[in-house]
Amino acid sequence: MTMSSTGHRLTNVKRYSVLACAILVSACSGTDTRRQANQDFEYLNQTVKPELVIAEGLDTPLYTKRYDVPELVEGTEDYPVGAAVDVRSPVQILALSPLVRVEEGSENVTVWFNSRSSQDDISAQVWSLLANFLADKKVAIAQLDEVNHTLETDWLINNDTFEEFKEVSDYELKQRYKFTLLTVASKRTVGLQVDLIDHEERLDGTKVDNDLSKGDSRRFAVQMLNLLNIYYEIDRIEGNNKETAEQKASKLKIDFVDQKHPVITLNIPFDDAWKLMPMVFDKVGITVEDEDKLAATMLVSFDEQSDEYWTENKVTPVTLAEDDYRIQVGEINGNTSIAFFGEDKQPLSAEMMSELFISLKDAATALRAEKAEAEK
């Protein structure tokens, strides 16, 4: 066996290990009826017995303090007891990459990312990682605060079906998260903190009154950060592998070169991207009205499409206003970049770009599927 085949095999083994972690983490998400002990809680009804009274003239027996229940530490009196105790195994933050470090002993859920090179903008890389991870789950950015370095997500929706005693129930879990970028003196390291900010559950369409404990909120935050870590490691592994031109062309990404105004990038040369873009745009209702390749600009218009159109084309609906837009095509680190501008000549916001990116990514996937079908 050659060294190259051995390396390829090890890479595949590592990738499958990461995928196994993803499956396990995903299985932990959502409702869990096994959080409560399945025995009775009679111990809660026990009362303190009075001390044994020794009759006069009898010897006091020897006592052991081995089984004495220790006094509660001050401030722990309100800890859960009985049915309120969560008996599930604790969740831990995964650090799958040598470039990721877990912050231990902190109440907040935080990981730290280290750059590969002093030339890298690690903050921009982490924002881009987060935006692409969310887009992969079809979750847009609801609010980006560039001053406080926070990003709030739109609703992340998970649907599942449970069968118990031959009865089938539909379960929906809706959540919103806030990510905070933490900076330190070293420009090669940034932290990413995640907090659960909104949580809703529905069973067969009826909202479930479920006030999450602090521990539950932290558990969900850890699971979300673990999914991000898994996404990062898979992307890192696949990025080190050789890709075909077709694979490169199919990869759309959103990059936060400028935190306030991200751009969409394609991992292909300018000329190839120029030919591909009109086809992708057409899938989301964007028509190229005029183009100037020398100036690297396109003038486009957006027309709202019917619900049936989005469903038939398997594309997430675009929420752009029906208007004219200008597209500026450029180059970033060898990739082709696409920036959108409104009629006011201002770039589209990060929130709007994240929604548009999800739709364009769906469009590119649909085009690949159509091409593969035509080549059969």
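The values are calculated or read from the model by the stated rules, or taken from the named source; none is laboratory data. What you see is a predicted model, and the numbers here were worked out from it, not measured in a lab. Cβ: placed from backbone, ideal geometry, glycine included. Neighbour counts: every protein chain shown. Just so you know, the surface numbers come from the protein's heavy atoms only, side chains and all, with ligands and any DNA or RNA stripped out. Shrake-Rupley method; radii C 1.70, N 1.55, O 1.52, S 1.80 Å.
Going by a ≥ b ≥ c, the root eigenvalues of the Cα gyration tensor, does segment 205-345 fall in the rounded group (a/c under 1.5), the prolate group (a/b larger than b/c) or the oblate group? Each step should come with its number before you reach the end.
Numbers: a/c = 2.12, a/b = 1.41, b/c = 1.50.
Since a/c reaches 1.5 but b/c is at least a/b, the shape of segment 205-345 is classed as oblate.
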| task | Could you provide, to the nearest whole Å², the per residue accessible area of segment 267-376 with probe 1.4 Å? | result | 54 Å²
| request: Over the residues of segment 95-184, compute the C-alpha Rg and express it relative to 2.2 N^0.38 Å. | output: 1.42
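Roughly speaking, to the nearest percent, how much of segment 244-329's 1.4 Å accessible area is carbon and sulfur? Present the calculation step by step, with values, prior to reporting the outcome.
Numbers: 2330 of 4640 Å².
The value for segment 244-329 is 50 percent carbon and sulfur by accessible area.
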| request: Give the shape of segment 263-376 as rounded, prolate or oblate, defined through the alpha-carbon gyration tensor: a ≥ b ≥ c are the square roots of its eigenvalues, a/c under 1.5 means rounded, and otherwise the shape is prolate if a/b is larger than b/c and oblate if not. | output: oblate
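Compute the accessible area per residue over segment 37-153, keeping the other protein chains in place, probe 1.4 Å, unit Å². Provide the component values of the computation, followed by the final result.
Values: 8780 Å² over 117 residues.
Solvent-accessible surface per residue comes out at 75 Å².
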| task | Can you pull the one-decimal nm distance between simple spin-label points at E163 and K137, each 7 Å off the Cα toward Cβ? | result | 2.7 nm
| message | How far apart, in nanometres, would the label points at V208 and L294 be if each is projected 7 angstrom from Cα along the Cα-to-Cβ direction? | response | 6.4 nm
| query | Top to bottom by accessible area (1.4 Å), largest first, where do W112, W155 land? | reply | W155, W112
| note | Over segment 182-238, with neighbouring protein chains present, the accessible area per residue in Å² at probe 1.4 Å is 48 Å²
| field | In Å², nearest 10: area of T319 left accessible to a 1.4 Å probe | value | 90 Å²
| field | Nearest-0.05 FRET efficiency for E351 and N114, computed from C-beta distance (R0 35 Å) | value | 0.75
| message | Once you place label points 7 Å from the Cα toward the Cβ at D170 and D59, how far apart are they in nm? | response | 7.6 nm
| With all protein chains present, how much of the accessible area of segment 123-211 (probe radius 1.4 Å) comes from carbon and sulfur, to the nearest whole percent? | 42 percent
| query | Taking the mean number of other Cβ atoms within 10 Å as a proxy for protection, how do you rank 52-60, 320-328 from highest to lowest? | reply | 320-328, 52-60
| note | Length gained if V85 through E71 is fully extended, taking 0.36 nm per residue and subtracting the Cα-Cα distance, is 3.2 nm
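In terms of the Cα gyration tensor, with a ≥ b ≥ c the square roots of its eigenvalues, is segment 165-241 rounded because a/c is under 1.5, prolate because a/b exceeds b/c, or oblate? Can you show the working numbers first?
On the way: a/c = 3.76, a/b = 1.75, b/c = 2.15.
It is oblate, given that a/c is not under 1.5 and a/b is not larger than b/c.
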| task | Using the structure shown, list the pairs from K251/K314; K138/K174; K275/K371; K283/K345; K137/K251 with a Cα-Cα distance above 22 Å, or answer none. | result | K283/K345
| At a probe size of 1.4 Å, how large is the accessible area of K371, to the nearest 10 Å²? | 100 Å²
